[in-house]
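The values are calculated or read from the model by the stated rules, or taken from the named source; none is laboratory data. Computed from a predicted model, the values in this text were never measured in an experiment. Every residue, glycine as well, gets a Cβ built from its backbone with ideal geometry; the counts of neighbours run over all protein chains shown. The area values use the complete protein model at the heavy-atom level, side chains included, leaving out ligands, DNA and RNA. Shrake-Rupley method; radii C 1.70, N 1.55, O 1.52, S 1.80 Å.
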Amino acid sequence: MQHTFPKNFYWGGATAANQFEGGYREGGKGESVCDHMTAGSRKAPRMYTNVLDPNVYYPSHRAVDFYHHYKEDIALFAEMGFKMFRMSINWTRIYPNGDDAQPNPEGIEFYRKVFLELRKYNIEPLVTLHHYEVPYHLSDAYGGWLNRKCVDFFQNYCRTVFTEYKGLVKYWLTFNEINAGQMGIGDILSLGLKTPDGPNKGPGDVKDLDLMQARFQALHHQFIASAKAVKLAHEIDPDYQVGCMVAGGVFYPYTPNPDDALKAQKDMRMNYFCGDVQALGAYPFFAQRMFQEMGIQLHMEPGDAQILQEGKVDFYSFSYYMSTCSTTDPKVEEANGNAVIGVRNPYIPASDWGWQIDPKGLRYLLNDLYARYHLPMMIVENGLGAVDQLEHGAVHDSYRVDYLRSHIQQIQEALADGVDVIAYTPWGCIDLVSLSTGEMSKRYGFIYVDVDDQGNGTFQRYKKDSFYWYKKVIASNGEDLD
Ligand code: BGP
């Protein structure tokens, strides 16, 4: 029984280029769809503008400026003792339009410098290839992932980075929260689909098509692209380890009513639909009925089933922020959440953004996923988005420490249960732009960055109380959580 963390456990932190890197259009970078997302707030959604408005603030353009601060930031991660650092490569830094014949050498060099800097401190990079960073041109001119040509463009991009960074990177993730595409929260950002007006959507190219049909077809192309990337990675370097990345969520039945239990079981499939394709190499048993009920007719090319079978991932990774409850009773109060949509659970608290905080749900999910896939597990996102006060250069964020401590304790329980957990990289280890709201004031980091919701500030970095706490946690390999 493993009551402690394994010796080589990967403690670290996670980021993504679109929320962190900035350097918009520097070093030959092209535009991504996320560069067209306005800032929003808890109440007002972010909007996608097809044409950039010079009077509007777009948070990804500077974000927190890792592009110019990477040495300083990595030194801070090293000071905390990070063993792993999750980041994404912005596709448009490598291929500015997504379909270019030649890669952009400056973009390649930028990430090489970052990886070398990480290696200097023995920090293992964990690199996401696609984190809500669809090239704008692929969305605009090709219709995004609905167009199968994107599979080839992605393959080209993967070949470049797998070849260029051989020996510098070992762990890769194909698509961040790939299931965002199935849930309607990733139309533009994850799939590059311009859908009818609404939050996070652009004026609609897809409006004449059935939206669900388009989403699942686009997702199918991502599955094929992911499977081909896994195979290619192993061909280029047999040491490469490639994982899937799924938005994780736990759904408890709201009552013992069998209807609620069945609803919860069905809702839990948000974890399995994509996970099964990527980890087991085939669509799940429940897909047929699901597609039938939704009126979806997937177009598969000959050979697709084999591609999926040959491109199974080496490990499973997921984000975990919350649990929720499922019920068929329409009178129960709804709860907020990212993709984990259900009703309020009276037994657990919620964050200021209404995300329900449930550390035990993490143990539950780890057990559940491990029983299904028998693959090493990485928790590559977890954390508390909260408003922090910077006072005389310090941030007293005991609420964040409480959140993380309770989740780490549950990882420990899962390890004792026998789950093979190999990494924990809390989200936004340094403050960055919130994906859902575009705010800076929803902060997750151990490191405070002095920027406000409109991008004003000194961009100076400050260590929060949680910085010193996490450093102790890592130094003691999870023994000292006080
Ligand atoms: C996940 C995304 C991240 C990240 C995180 C927190 O869904 O993969 O990119 O942003 O959620 O969400 P938010 O930034 O909306 O608080």
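Couple of notes before you dig in:
- Strands (runs of 3 or more DSSP E) fully within the range 386-466 counting 3 or more residues that are within 16 Å of the ligand (Cβ to nearest atom) and among the acidic types (Asp, Glu): none
- Selection of the range 319-334 for residues being within 16 Å of the ligand (Cβ to nearest atom) and under 14 Å from PRO253 (Cα atoms) yields SER323, THR324.
- Residue within the range 190-197 that is among the small types (Gly, Ala, Ser), modelled with pLDDT under 95 and open to solvent by 20 Å² or more (accessible area, probe 1.4 Å) present: no
- Scanning the range 460-482 for residues that are among the acidic types (Asp, Glu) and either surrounded by 14 or more Cβ atoms within 10 Å (Cβ to Cβ) or free of Cβ contacts under 8 Å to residues at least 60 places away in the same chain (or both) turns up ASP465, ASP480, ASP482.
- Meets criteria (in contact (Cβ under 8 Å) with a residue 40 or more places away in the chain, among the aliphatic types (A, V, I, L, M) and open to solvent by less than 10 Å² (accessible area, probe 1.4 Å)) for LEU126: yes
- Residue ranges of helices (runs of 4 or more DSSP H) in the range 256-295 with at least 3 members open to solvent by less than 10 Å² (accessible area, probe 1.4 Å) and at pLDDT 95 or above: 269-275
- Some residue of the range 140-157 being open to solvent by less than 10 Å² (accessible area, probe 1.4 Å), in contact (Cβ under 8 Å) with a residue 24 or more places away in the chain and in a strand (DSSP E or B): no
- Any hit, the range 58-80, residues being under 24 Å from ILE430 (Cα atoms), open to solvent by 40 Å² or more (accessible area, probe 1.4 Å) and in a loop (DSSP other than H, G, I, E, B): yes
- Counting residues in the range 352-363 that are of a type in the set (A, V, I, L, M) and assigned to a helix (DSSP H, G or I) gives one or more.
- Among residues of the range 165-176 that are assigned to a strand (DSSP E or B), those with a Cβ under 7 angstrom from a residue that is surrounded by fewer than 22 Cβ atoms within 10 Å (Cβ to Cβ) and acidic (Asp, Glu), sequence gap 6+ or separate chain, pair up as LYS166/ASP237; TYR171/GLU124.
- The range 359-385, residues that are farther than 20 Å from LYS263 by Cα, more than 16 Å from the ligand (Cβ to nearest atom) and open to solvent by less than 20 Å² (accessible area, probe 1.4 Å): LEU366, TYR373, MET377
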